[in-house]
Amino acid sequence: DYWRTVQDPMTGRDLRLTDEQVALVRRLQSGQFGDVGFNPYEPAVDFFSGDVMIHPVTNRPADKRSFIPSLVEKEKVSRMVHAIKMGWIQPRRPRDPTPSFYDLWAQEDPNAVLGRHKMHVPAPKLALPGHAESYNPPPEYLLSEEERLAWEQQEPGERKLSFLPRKFPSLRAVPAYGRFIQERFERCLDLYLCPRQRKMRVNVDPEDLIPKLPRPRDLQPFPTCQALVYRGHSDLVRCLSVSPGGQWLVSGSDDGSLRLWEVATARCVRTVPVGGVVKSVAWNPSPAVCLVAAAVEDSVLLLNPALGDRLVAGSTDQLLSAFVPPEEPPLQPARWLEASEEERQVGLRLRICHGKPVTQVTWHGRGDYLAVVLATQGHTQVLIHQLSRRRSQSPFRRSHGQVQRVAFHPARPFLLVASQRSVRLYHLLRQELTKKLMPNCKWVSSLAVHPAGDNVICGSYDSKLVWFDLDLSTKPYRMLRHHKKALRAVAFHPRYPLFASGSDDGSVIVCHGMVYNDLLQNPLLVPVKVLKGHVLTRDLGVLDVIFHPTQPWVFSSGADGTVRLFT
């Protein structure tokens, strides 16, 4: 009974069809009606009978317009008559029934132009036969045995001759040419598939086509040479941050430690073991607060490095200890934990636990809010923490793909969120999406906002750097493909018109990016210097770049475990 057994999709049991059901399926397959007793050829019943009825179907009186000539039509006809008299409307001429043909190659003379073809291209001429085509060629044209074997092994497209030269004693002994029909057919294909367009040759000096860019020496200052190497980490250095005064540098590495350096001497002032890979580090941009945020595994550590001004370090501790917890703790997506006594000795003050791995941490320009990116699915990928009230909030209700990077706008209440294929600009006060930028990259890796706030650059893993002008368009203003491998980091200088990008090819490219106050003038982007120094390790090069806040210097951290300063 296998042929008449079907599976019930609701219960998953096998049902055996009865004879009536099998007959029904057979009828439906042959295009008949399902019901056996239905006759599709019954005589039709007329809706109206053939007899003339004494009463009409409707008894409506006839319209007046059905027996009085129309004035509108009379007006139209008089207009047409007037137009014919004035010659505006021409009567239709009878069509000429003879078909119009013309010979495509009628006039092969290139000076005679065919009537229909303004740009007539004469047929390409066949190459005339040479000595090798002769039936009795000179002996140097005949191939030797090795040459003949080499000719047979070549691809047909690579052969210099499409045939083997042969010698015959007389013209009567020459056989019919084997490839004759094939070559005629290819010639016909060449004739009708020939691209019939003129290539207009313009005599232009190639130097005139290159845009006039200013010389790099006119765009100084910018970093040109390696000045210092900060050695000490034993594994790749993932992230960097500079203090707002520019005197100290913090770096986070895969060796599970944060290192604080003095910028001017490359001396490691402190090493803070954090017990995990440091994915991101950010120094608080406010000069009145001395705090460093570091993303380690699933938490953000807030450290007071106690470097520089003792008053600022002391006031920072006072600010953190002045917090009074509310009566009932609010429900929030992260837990704020105070540091223990041993951790306070190292400099740790607060720990924000998230339960998911943290990939990036960044401060708002005022230094009270920080945004965090979590490696998770869903709408809680981006969280915003407020330091003074120790509040955490998840600003988004739904997610638009995997978030790669976030950045605060320097001047206005905007948050930029970069997912894999797009960058979204959100207005935090109105809580709405303002713009969606399309970088045309396969995978966005990094994001930076110009200090004036109207321009954004994105780096991507398919080795492109994209510059957006927010006032101009949501499409890229310029796409720079200077790097050979994936871009890992991009950065703007806070004061000078410079931006830099670090890549897996081990180089940092510094570009001059002048943004003019005149809105009619487009930004001027000129690459000025390629800085090399990092050694490629595990196919990774430069992992982070950041500019000095006041000097035209750039720091870069690499997979070789070093941080380098270019001045």
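The values are calculated or read from the model by the stated rules, or taken from the named source; none is laboratory data. Remember, it's a predicted structure, so these values are computed and weren't measured experimentally. Glycine gets a Cβ as well: all are built from the backbone with ideal geometry, and neighbour counts include every protein chain shown. These area figures cover heavy atoms from the full protein model, side chains too; ligands, DNA and RNA do not enter into them. Shrake-Rupley method; radii C 1.70, N 1.55, O 1.52, S 1.80 Å.
Points worth noting:
- For the stretch 43-50, 3J(HN,Hα) computed residue by residue from phi via the Karplus equation (6.51, -1.76, 1.60; θ = phi - 60°) reads x, 6, 9, 5, 6, 9, 6, x Hz, glycine and proline entered as x.
- Within the accessible area of the stretch 257-307, the carbon and sulfur atoms contribute 54%, probe 1.4 Å, all protein chains present.
- Shape class of the stretch 397-549 from the alpha-carbon gyration tensor: oblate, with a/c at 1.5 or above and b/c at least as large as a/b.
- Taking all protein chains into account, the per residue accessible area for the stretch 323-384 stands at 56 Å² (1.4 Å probe).
- For residue 442, the aspartates and glutamates whose Cα comes closer than 13 Å to its Cα, not counting residues fewer than 8 places off in the same chain, are 462.
- Modelled this way, with points 7 Å down the Cα-to-C-beta line, the labels at residue 51 and residue 142 are 10.9 nm from one another.
- Computed from the C-beta positions of residue 535 and residue 479 and an R0 of 22 Å, the FRET efficiency is 0.15 to the nearest 0.05.
- The chain, relative contact order [Cα under 8 Å, separation at least 6], %: 9 percent
- Sparsely packed loop sites in the stretch 1-58 (the chymotrypsin sites (Phe, Trp or Tyr not before Pro) outside DSSP H, G, I, E and B with at most 10 other Cβ atoms within 10 Å) comprise 38, 41, 47, 48.
- Protein heavy-atom surface of the stretch 448-565, 1.4 angstrom probe: 50% of the accessible area is carbon and sulfur, with nucleic acids and ligands not counted.
- Legend: residue pairs 484/532; 484/529; 279/475, Cα-Cα distance threshold 19 Å; pairs beyond threshold, 279/475.
- Exposed loop sites here are GluC sites (Glu not before Pro) assigned a DSSP state other than H, G, I, E or B and surrounded by at most 10 other beta carbons within 10 Å; excluding them, the longest clear run of the chain is 328-567.
- Residues in the stretch 404-549 average 44 Å² of solvent-accessible surface per residue, probe 1.4 Å, ligands and nucleic acids excluded.
- Efficiency of FRET from Cβ geometry, residue 224 and residue 517, R₀ 41 Å, rounded to 0.05: 0.90
- Note on the stretch 380-482: dipole from Cβ charges, positive end direction compared against 477, 383, 409; the farthest Cα belongs to 383.
- Sparse-neighbour loop sites [trypsin sites (Lys or Arg not before Pro); the stretch 510-543; at most 12 other C-beta within 10 Å; DSSP]: 538
- By definition, a body whose alpha carbon gyration tensor gives a ≥ b ≥ c is prolate when a/c is 1.5 or more and a/b is larger than b/c, and the stretch 122-196 fits this prolate description.
- Full-extension gain in nm, residue 462 to residue 159, via 0.36 nm per residue minus C-alpha separation: 105.1 nm
- With 0.36 nm allotted per residue and the present C-alpha distance subtracted, the residue 427-residue 212 stretch has 73.5 nm of extension available.
- The amide H of residue 280, built 1.01 Å from its N in the peptide plane, has 295 as neighbours under 5 Å, considering only residues 5 or more places off or on other chains.
- Sparse-neighbour loop sites [trypsin sites (Lys or Arg not before Pro); the stretch 202-302; at most 12 other C-beta within 10 Å; DSSP]: 212
- Once the Cβ-Cβ distance of residue 85 and residue 60 is raised to the sixth power relative to R0 = 30 Å, the FRET efficiency obtained is 0.10.
- Taking the Cα centre of the chain as origin and assigning +1 to Lys and Arg Cβ atoms and -1 to Asp and Glu Cβ atoms, the resulting dipole is close to 1720 debye.
- The stretch 319-329 - phi-based ³J(HN,Hα) in whole Hz, Karplus 6.51/-1.76/1.60, Gly and Pro as x: 4, 6, 7, 6, 6, 10, x, x, 4, 10, x
- The chain: calculated mean residue ellipticity at 222 nm from DSSP helix runs of at least 4, using -39500 (n - 2.57): -3500 deg cm²/dmol
- Reachable lysines from residue 160, criterion Cα separation under 29 angstrom, eight or more residues apart if same chain: 125, 199
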